[in-house]
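Below you'll find the structure, written out as structure tokens, and then a few comments.
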Amino acid sequence: MNVQRLDKGHNSQQDGSSLEGERSSTALVPLKTTLESRASDSVIEVYITAVPIKKASSTLNIIRNVVPKDGGHDLQHLRRFAKHRDVPQHVRGPTLQGGTSDHIFLILAVTSVISQDMLIESLSPTLEVVSLYSIQVPRLAPTSQEQASQWTSRYWPTVYKKNNPFGPHPSIVSRAEDEIRGDAEIWMGLAARAASNSKASGFGEEVGVAIIERKNGTARPVAVAGDARWLNWPRDERGNATAHATLRGIAMVADALRRDSSEYGDAESPATDDDLEIFESKPNSRTEEENQQVPANGDGYLCHELEIYCTHEPCVMCSMAIVHSRFGRVVFKHRMPSTGGLCADGELRHGLFWRKELNWTLLAWQLQSPASSNSYLICAQQPTEEIPESVVSNPARILNA
């Protein structure tokens, strides 16, 4: 019997990351959840060997007896057997014997659950040559066919089973995307108009949102709000955080519902002191006035299943307000890597739109175009077009809608 021990294989493969080419048209790109982001970086080491095809089944049966249930590791997203032509070059390298037309590669076990000596001892009665080789493979299942293909070329043949254990099911995302694709740019344009009005008036930064209700295939705006952080607020501070565009939009929805309930005698509007009002829920422009309507809210939650379109990724505070208000969908145009609360693959990595620790989840996209696919770079390089100069000159004031 010939025994070959190889503690480490040729794991010098590149990380495979590359910048995507610019998209030729506007596209809705679903955000990754925190678990999806972690899954893309997580690998484990496994032992593999090359076995004669005629002995493949019996060898796998031995492994299943020696390492029941793969030692608690889920390897169902990996091909257990792989032909020589189907594995990456670093796997079929010259250091591993076999790999000919009458041999097939086999994943034996995760290296942390069994020793080489035990594997060799278990396989020796069946295999004339026991060549062990350790490689890295993805720890978790892929969340798209594209990811499965990348992992197949980088690590080992990987299977995508058209599900997503780390976020919303792909079919749910696809159906929702089909619904909003036709008018997403319209509502984003409405948010941008509110943002421009805020900047021109001096009330706030060039940030805006549009809140949309979609019923029976028809969409309509129920609130549009621009940033108002500088309205009645000293300029030597960070601005009124409660007057961010997102919070203003939510407050407008609340005001509309309260007025509607009061008109029909269902509730009394609470007495408020306008001088103490800091949420700035009253419209400040014609765009905001013309697009304020009462949503058909029947279940008690403020913004249940409404959509919100934001010119910029909401900050952590506003992202939590979106979750707490029970929005169903959120779309933003420009990433804010230092302050944004939605993205799970940026600097903060909060991914607040879909977290198991929270009692509500929603769908989230970035509306990308050739000019905004890497919007965080654009914000840094062309601040006067997307982020007001007053904010760029004082980064501490970038608190975002």
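Each reported figure results from applying straightforward, stated rules to the coordinates on display, with no laboratory input. On a predicted model such as this, the values are computed, not experimentally measured, just so you know. Ideal geometry is used to build each Cβ from the backbone, glycine not excepted, and the neighbour counts take in all protein chains shown.
Quick notes on this one:
- Ordering Leu35, Leu302 from the fewest to the most neighbouring beta carbons within 10 Å gives Leu302, Leu35.
- Going by neighbour counts of Cβ atoms within 10 Å, the residues Asp260, Asp102 line up, fewest first, as Asp102, Asp260.
- Each part reduced to its alpha carbon centroid, the stretch 110-124 and the stretch 195-219 end up 62 Å apart.
- Ranked list, fewest to most other Cβ atoms within 10 Å of each Cβ, for Glu146, Glu277: Glu146, Glu277
- All lysines inside 30 Å of Lys162 as judged from Cα atoms, apart from same-chain residues fewer than 8 positions distant: Lys32, Lys69, Lys83, Lys215, Lys333, Lys356
- Partners for Lys282 among lysines (Cα-Cα distance below 24 Å; same-chain residues under 8 apart left out): Lys199
- Efficiency of FRET between Gln89 and Asp260 - r from beta-carbon atoms, R0 41 angstrom, step 0.05: 0.05
- The slack between Asp236 and Asp183, meaning 0.36 nm per residue of separation minus the straight C-alpha distance, is 15.2 nm.
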